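Reviewing the structure listed below.
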Amino acid sequence: MKKNWYKRWWAILLFVFGGISVVFTLVFIGFFVFYFFQIKGDLEFADSFSNLDLVDRSIVETKDDPSVGPADAQLVIVEFSDFQCSFCRDEFFVLREVIAKYKDTVKFIYRDFPVEIEHPDAYNAALAANCAYSQNKFWEYHDLLFLNQQDLSEQALERYAKELGLNVGTFSACMKTQKFDDEIQQDLVDGLSAGIAATPTFYINGLKVEGAVTLEVWEKIITDFFAAAAQ
C-alpha cells in the first residue's frame, strides 16, 4: 500500500524544518519590534533637544528666581516645578545629586509652576517657598517641602518655617498678604509662553526637556556639553 505523501521521510523533514523556520521567524519579529520601539523611544528623547524646542532664553532664565551656581555659567538649567507634583518629587532626589556635583560649573534656576487644578496645595507651597527665599532659606525650605509632600497644609508650612529658624511673624505676614503672588504668576505666564504642558519641565540653555530625567542622562548632558565647549 502506497504511503500518503505527508508520511514520507522528506515530508516529515519538511514539517520539522518548516516548524523551526516559523519559530525563528517569530523570534526575529519579536526582536525587531522590541528594538524598533526602543530606538523610537531614543529618537523621541533626542527630539526633545531639537531646534523646534529652542525657546528665547530671556523668557525662562531670570535673575530674581532662586538659583545655585556661577552667575556667568556657560550651562544654565531652568526647572519649572510644582511642590505637590509626584514626578517633581521624584526628580528632586535626582537633581539634589546633580546640583551637589555640578554647582561650581552649572547654574540651576528654580521657577514655580503650581498646577492648582490638580494640586490644590501647590500654590500655597510656592508662596511659602518664596517667603522663605526672602529670608535666604529657599533651598532648605524647598527640600523640606518635597521631603514632606504628603502634608502641605497651612499649619505644616508654618511648622517648616519654624524648623528652619525663620522669623515666623514675618513669614506669616508674607503668607497672609500673598506677597509673592505676582512673582508666581509671572513664572506661570513665562512657563506657558515657553510651551510648558506638564511638570517638571526643564530648559537647558533654552532647549526644552519635559518630564523626569535620570541621573545618568543628566551627567551625559552636562559632560557632553562641556566636552563640546572645550573643542
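Computed over the Cα atoms of the stretch 93-133, what is the convex hull's projected area averaged over all directions, in nm²?
It is 3.7 nm².
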Quiz item: What area, in nm² and to one decimal, does the C-alpha convex hull of the stretch 83-231 cast on average over all directions?
Solution: 9.2
Self-check item: Accessible surface ranking that places the most exposed of Trp218, Trp139 first, with a 1.4 angstrom probe
Solution: Trp139, Trp218
Quiz item: Which percent of the accessible area of the stretch 106-150 is formed by carbon and sulfur heavy atoms (probe 1.4 angstrom)?
Solution: 46
Quiz item: So what is the orientation-averaged projected area of the stretch 162-228, using the convex hull of its C-alpha atoms, in nm²?
Solution: 7.2
Exercise. Note down the magnitude of the dipole of the stretch 116-209 about its Cα centre, charges +1 on Lys and Arg C-beta and -1 on Asp and Glu C-beta and zero elsewhere, to the nearest 20 debye.
Key: 200
Practice problem: Report Ser134's accessible area, 1.4 Å probe, all protein chains in place, as a number in Å² to the nearest 10. | Solution: 60
Practice problem: Might you report the magnitude of the Cβ-based charge dipole of the stretch 42-194 about its Cα centre, with Lys and Arg at +1 and Asp and Glu at -1, to the nearest 20 debye? | Solution: 700
Quiz prompt | Vicinal HN-Hα couplings computed from phi for the stretch 144-155 (Karplus, 6.51 cos²θ - 1.76 cosθ + 1.60; Hz; Gly/Pro x) | solution = 4, 4, 6, 5, 10, 4, 5, 9, 10, 5, 4, 5
Quiz item: Over the Cα atoms of the stretch 42-161, how large are the radius of gyration and the largest Cα-Cα distance (Dmax), in Å?
Solution: 15.2, 46
Quiz item: At what distance in nm do the modelled label points of Asn205 and Ala100 sit from each other, each positioned 7 Å from its Cα along Cα→Cβ?
Solution: 2.7
Quiz item: So what does Thr170 come to for accessible area, using a 1.4 Å probe and Å² rounded to 10?
Solution: 70
Quiz item: Farthest toward the dipole's positive end in the stretch 154-231, which of Thr170, Ala212, Ile196, given Cβ charges of +1 (Lys, Arg) and -1 (Asp, Glu) about the Cα centre?
Solution: Thr170
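The values are calculated or read from the model by the stated rules, or taken from the named source; none is laboratory data. What you are looking at is a predicted structure, and each value in this text was computed from that prediction instead of being measured. Glycine also receives a Cβ, built like all others from the backbone with ideal geometry; neighbour counts cover every protein chain displayed. For accessibility, only protein heavy atoms count, side chains too; no ligands or nucleic acids. Shrake-Rupley method; radii C 1.70, N 1.55, O 1.52, S 1.80 Å.
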